[in-house]
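Notes for the one structure printed next.
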Amino acid sequence: MEKTVMMMTKTANPAAARSGLGACALALVLGVALLTVSGMAQATVLHDAAHDQRHAMAFPCH
C-alpha cells in the first residue's frame, strides 16, 4: 500500500506588503496635513468652504 504525499507551497508576495505600507504612509501624511491646515485656518474660512461645498453638492443648508 502506497501513501500519496501532497506538498503545498505558499508564495510570498512582497509587492502586496509594500503597497499596504505605502497606503498607510499616504493616509498618515494626508491626515497630518489636513489637521495642520484646518488647525491653522480661521474659523470663517472653514465655514465658508463647507458652506460653498454644500451648495456645490446641491444640498440645502438654509
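The values are calculated or read from the model by the stated rules, or taken from the named source; none is laboratory data. The model shown is predicted, which means the values in this text are computed figures rather than measured ones. Ligands, DNA and RNA are stripped out before the accessible areas are found, and what is left, the full protein with its side chains, is counted by its heavy atoms. Shrake-Rupley method; radii C 1.70, N 1.55, O 1.52, S 1.80 Å.
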Can you tell me the 0 to 90 degree angle between the C-alpha axis of helix 14-40 and the longest principal axis of the chain, rounded to 10?
20 degrees
Of Thr9, Thr36, which has the most accessible area with a 1.4 Å probe, and how do the rest follow in descending order?
Thr9, Thr36
Given a 1.4 angstrom probe, I'd like the percentage of the accessible area of the chain that is carbon and sulfur, rounded to a whole number.
70 percent
The list (1) 77; (2) 267; (3) 174 gives values of volume of the Cα convex hull per residue in Å³, and only one came from this structure; which label was calculated from it?
(3)
